[in-house]
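Read-outs throughout are calculated quantities, based only on the coordinates presented, and are distinct from any laboratory measurement. Being a predicted model, the structure only gives us computed values, none of them experimental. Using ideal geometry, Cβ is built from the backbone for each residue, glycine included, and neighbour counts are taken over all protein chains shown.
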Amino acid sequence: MSIGFRIVSEINRPAKEVVELFRGMPVANIDDNMGRVAAVSSAIVPMNSSPLLGTAFTIKVPAGDNLMFHKAMDMAKPGDVFMIDAGGVEERSIFGELMVNYCRVLGIAGIVVDGSIRDSDGIGKLTDFPVYARGVTPNGPYKNGPGEINCPIVIGGQVVKPGDIVVGDPDGVIIIDPAVAPEIAAATRATMKNEEQIMADILQKKEYIRPWVDEKLRELGYKL
């Protein structure tokens, strides 16, 4: 095997019904139930308004090189999300509109890259294919390798494993281990229900009941 190249062909994907538990769930609410430390860096932002949900198909590439991404497009399955660790380098794009549209017709669920893209105008107009990136530059990629496919990577400070559940919305992206997904989904549903009641009280009663504020102040020694 050439030094620096590694390709894993088979990965364990969670059942579709487990992934679908997170359909329509706000990333912020999910993160609240994951210790508030599970989202990728805020530097990685949505390039359009398409919601993201799928399973991680991981790719590691050198800065400004997309050879292994091209190979990955021939391997992934519908519902996969390409998670590309490009080292956070912004000076050279990893992909543009051509590769995005090829992924769309393949049924790929979206792309998250810790790096840059180009053709941002066309990608920004898409409403059915989410793309997240750290930056935008017209400088195109090289195709020399090396790289890895379906190995653990790091994106925006978060470890991503092949088959992890990926959820994204305008707030950002979160990574969920399928082993704890049902528990997190149930807790998030409870959070959403509670927030719906809080919002109703705010809008209808002009109330926002938060006894914990004064309790915290007393705990910190402040006399009310």
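What to note about this one:
- Here the chain is assigned +1 on the Cβ of each Lys and Arg and -1 on the Cβ of each Asp and Glu. Its dipole about the Cα centre then comes out at about 60 debye.
- Look at the alpha carbon pairs under 8 Å that are at least 6 residues apart: their mean separation over the length of the chain gives a relative contact order of 29 percent.
- Stokes-Einstein D for the range 148-202, Kirkwood Rh over Cα pairs, 25 °C, 0.890 mPa s (µm²/s): 184 µm²/s
- Cross-link partners of residue 223 among aspartates and glutamates (Cα-Cα below 18 Å; sequence separation of 8 or more within a chain): 214, 215
- Top positive-direction residue, dipole computed over the range 1-140 with Cβ charges, set 88, 103, 122: 103
- All lysines inside 29 Å of residue 16 as judged from Cα atoms, apart from same-chain residues fewer than 8 positions distant: 60, 71, 77, 125, 161, 193
- Among 157, 140, 35, residue whose mean-square fluctuation peaks in a GNM of the chain (springs only between Cα atoms under 10 Å): 35
- Ordering of 216-224, 130-138 by packing [mean C-beta count within 10 Å, highest first]: 130-138, 216-224
- Mean projected area of the convex hull spanned by the Cα atoms of the chain, taken over all viewing directions: 15.4 nm².
- Alpha carbon centroid spacing (whole Å) that separates the range 36-53 from the range 112-165: 12 Å
- Cα gyration tensor category, rounded, prolate or oblate, for the range 49-142 with a/c compared to 1.5: oblate
- CD proxy at 222 nm, helix term only [per DSSP H run n ≥ 4: -39500 (n - 2.57); per residue of the chain; nearest 500]: -8000 deg cm²/dmol
- Fewest neighbouring Cβ atoms within 10 Å first, the residues 37, 180, 89 line up as 37, 180, 89.
- Spin-label proximity, residue 137 to the range 102-122 - amide N less than 18 Å from point 7 Å beyond Cα toward beta carbon: 113-121
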